[in-house]
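The block underneath contains the structure these notes are about, expressed in structure tokens.
No value in this document is a laboratory result; all are computed from the given coordinates. Nothing here was measured: the structure is a model prediction, and the numbers come from that model. Note that we place each Cβ from the backbone using ideal geometry, even for glycine, and neighbour counts take in every protein chain shown.
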Amino acid sequence: MEVCLSRFQAYNIDPSMYQIYVGDAEHLSQTLPAQTFDLIWSFGVIHHSPYPENSVAEMYKFMHKGKSSFLG
């Protein structure tokens, strides 16, 4: 969470305007609420996973279809 908040500060973004969740990208279903999101942001993490395809598949489940962005 600290790294995320420091990135927000570096880019002069107010974190209170966003929902921030921290969890295992391969098991987002255990972390995120049952809803979709317009933006899922992973910063320099997925390539460290032993199964990056699982992380991407989990993120896709939570992306708002039609107007979603994935930044990874």
Completion exercise
trypsin sites (Lys or Arg not before Pro) in the stretch 1-68 lying in a DSSP loop, each with at most 14 other Cβ atoms within 10 Å of its Cβ, come to Lys65, Lys67
Completion exercise
Note: Trp41 to Asp24 extended length (0.36 nm per residue) minus current alpha-carbon separation gives 4.8 nm
Fill in the blank from the handout: Proxy exposure order for Ser16, Ser29 (fewest C-beta within 10 Å first) is Ser16, Ser29
Practice task
Set the Förster radius R0 to 30 Å, insert the Cβ-Cβ distance between Met1 and Lys65 as r into 1/(1 + (r/R0)^6), and round the FRET efficiency to 0.05.
Solution key: 0.60
Handout entry: log10 of Debye I(q)/I(0), alpha-carbon scatterers only, for the chain at 0.24 Å⁻¹
Key = -1.24
